[in-house]
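I have placed the structure first, in the form of structure tokens, so that the comments after it can refer back to it.
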């Protein structure tokens with residue numbers, strides 16, 4: 001029987017963070033794709049089904065919030081869980097995204113093993129917002 005590797009999309013403009021996330025997620029058995037801006041991530045999300053998305057909020061061309069909205073509304077991926085990794089700045093945006101789109105919130109700095117643990121248990125989409 002063929003077992004397809006679960007796919008992850010990381011949209012992170014900080015290459016060191018993207019590399020650390022990729023390493024931990026590949027160790028968990030995921031096939032990892034990396035985009036360094038929001039527009040590139042949106043194109044990949046429209047072309048392929050991902051079990052997990054990791055998105056930084058401060059992406060060039062499309063923010064993590066815009067991408068979250070795009071995934072939910074435009075791509076109609078309404079049942080895919082989203083986790084938001086946010087800087088604990090008192091900004092209500094992460095709370096809004098959590099409420100509006102059913103996202104889970106993680107605060108930065110995030111240990112990549114935390115994201116890998118979440119991915120392993122949920123085997124779904126993950127959005128990281130910086």
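Laboratory data are not the source of any read-out in this text; all were calculated from the coordinates shown. Every value quoted in this text rests on a predicted model; they were computed, and no experiment measured them.
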Relative contact order, percent, segment 7-109 [alpha-carbon distance under 8 Å, six or more residues apart]: 24 percent
Of 23, 52, 75, the one that fluctuates the most in a GNM where the chain has Cα springs shorter than 10 Å: 75
Prolate/oblate/rounded call for the chain, Cα gyration tensor, a/c under 1.5 rounded: rounded
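How many times 2.2 N^0.38 Å is the alpha carbon radius of gyration of segment 36-76?
1.01
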Theoretical gain in end-to-end length, residue 120 to residue 5 [0.36 nm per residue, Cα-Cα removed]: 40.2 nm
